[in-house]
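The values are calculated or read from the model by the stated rules, or taken from the named source; none is laboratory data. What you see is a predicted model, and the numbers here were worked out from it, not measured in a lab. Cβ placement follows ideal geometry from the backbone for every residue including glycine, while neighbour counts extend to all protein chains displayed. Just so you know, the surface numbers come from the protein's heavy atoms only, side chains and all, with ligands and any DNA or RNA stripped out. Shrake-Rupley method; radii C 1.70, N 1.55, O 1.52, S 1.80 Å.
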Amino acid sequence: MMRKLDFSGRGALGFLLLAVLIFLVFPLALDAFRLNMVGKYLTYAFVALGLVLCWGYGGILSLGQGVFFGLGGYCMAMFLKLEASSPEATAIQSTPGIPDFMDWNQITALPWFWEPFHSLPFTVVAIVAVPVIFAFILGVAMFTRRVGGVYFAIITQAMAAILSILIIGQQGYTGGVNGITDLRTLLGWDIRTDNAKVILYFLNGGLLFACLFLAAWVKNTKFGRILVAMRGKEDRVRFSGYDVAGFKIFIFCLAAGISAIGGAMFTLQVGFMSPSFVGIVPSIEMVIFCAVGGRLSILGAVYGTLVVNYAKTTLSESFPELWLFAMGAVFIGVVMAFPNGLAGLWSDHVAPRLPGKLGGRGAKADAEAPAPAE
């Protein structure tokens, strides 16, 4: 029987504190520019949350989650670019009514796979469906053949490199290395204004919490407990009669869908999408966000993303040439000294000092065994 979400005690406190931080503290303390920057950070948290599910709980380390983030972002960017490329707005082009980068590359008609993105409902479905289908194909190809561990990680990393090269190489259809830029309106609503950025920030926060609740629900079901068992003793779970490949495919697809939602919100908030968010480097950075927050904690994924990106913004402004080294050092340090990340520090040193159900043994147990049996 599936377990209901537990919103008593420490679990409720964690969600409440994060909600206060995102929906009250940041909007009241930051101007529109900084708030939009935090909103951009939160779009990466979708990817970190997906990694908690597939890596932290399922033991599936993917070094190519930027692919799904990018696919979701490109789907949204295609709709916004078509809206910005009306015949009136592109009257000076050789071929009015198509995106400017297509005109620059002597393409005279809109490609067939761009046509459906004139529709917002189709785009909303495609944002999730395209990455999930891609993940399903990869998952079936890999997991049914029992490819896992470091081999799967390397394959997903190669997948990120291939897709990035493909996007750059097909400049006439994708915008190339510059990506899809100059995105202005959503159904006539100017998304470049400060007021629009604030509204999109709250929409982003709402979608993130919806995904957090979904992840918490998955964690507390029988499926979530089987994931943890697979992570530790995959062969024993298989010999017990469970379809291990099917479970892996499902959680990998779920992580891809969640990551894609973040990519779509990134495009809306920032106003462009480029292959620089699809390749190997951003994918590895997203793994670091998850590791710093704690790969066993769905809330830790959000905090880790915020902390690392704030540090990245702050340090890269002063020491741009040293930031990548600092990022690597942070990842190595966390893995060696704090394997459970910020969530582990909380459960080991802070929660035990809290009274009653807010701390104590239960908090530490959650970090050690995030999906306990009933």
Where the only charges are on Cβ atoms (+1 Lys, Arg; -1 Asp, Glu), what is the dipole of the chain about its Cα centre, to the nearest 20 debye? 1560
Here, chymotrypsin sites (Phe, Trp or Tyr not before Pro) of the range 55-89 satisfying both criteria (DSSP loop; at most 10 other Cβ within 10 Å) are none
Would you mind working out the accessible area per residue for the chain, using a 1.4 Å probe, and quoting it in Å²? 46
With θ taken as phi - 60° and the coefficients 6.51, -1.76 and 1.60, list the Karplus ³J(HN,Hα) couplings across the range 175-189 in order, rounded to whole Hz; mark glycine and proline as x. x, x, 5, 6, x, 9, 10, 6, 8, 10, 10, 10, 6, x, 8
Does anything in the range 115-151 have its amide N under 20 Å from the 7 Å Cα→Cβ label point of Leu214, and if so which residues? 120-140
Could you work out the Rg to Rh ratio of the range 80-124, with Rh taken as the Kirkwood radius (inverse of the mean 1/r over all Cα pairs)? 0.97
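Using a 10 Å Cβ count of at most 16 others and DSSP loop calls, identify the longest part of the chain lacking such trypsin sites (Lys or Arg not before Pro). Kindly include the intermediate steps, with their values, before the conclusion.
Working: sites that count: Arg3, Lys4, Arg145, Arg146, Arg184, Arg192, Lys233.
That would be 234-374.
For the range 200-339, which whole percent of the accessible surface, found with a 1.4 angstrom probe, sits on carbon and sulfur atoms? Could the numbers behind the result be given before it?
On the way: 4040 of 5640 Å².
Heavy-atom surface of the range 200-339 belonging to carbon and sulfur, 1.4 Å probe: 72 percent.
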Using 0.36 nm times the number of residues separating Val20 and Ala326, minus their current alpha carbon distance, what extension gain do you get? 107.1 nm
Between [x] 142; [y] 131; [z] 151, which entry matches volume of the Cα convex hull per residue in Å³ as derived from the coordinates of this structure? [z]
Just to check I understand the Karplus step: with θ = phi - 60° and J = 6.51 cos²θ - 1.76 cosθ + 1.60, what whole-Hz values come out for the range 80-93, glycine and proline as x? 5, 5, 5, 5, 7, 10, 5, x, 5, 6, 10, 4, 7, 6
Three-way shape label, the range 98-202, alpha-carbon gyration tensor, a/c 1.5: prolate
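Hey, which of these cross-link pairs are over 27 Å Cα-Cα: Lys40/Lys81; Lys81/Lys197; Lys40/Lys248? Mind dumping the intermediate values first?
On the way: Lys40/Lys81 20 Å; Lys81/Lys197 18 Å; Lys40/Lys248 29 Å.
Where the Cα-Cα span goes over 27 Å, the pairs concerned are Lys40/Lys248.
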How much mean residue ellipticity at 222 nm does the chain get from its helices, if each DSSP H run of length 4 or more adds -39500 (n - 2.57) and you divide by all residues, to the nearest 500 deg cm²/dmol? -21000 deg cm²/dmol
Candidates Pro99, Pro87, Pro27; GNM for the chain (alpha-carbon contacts under 10 Å) flags as most fluctuating Pro87
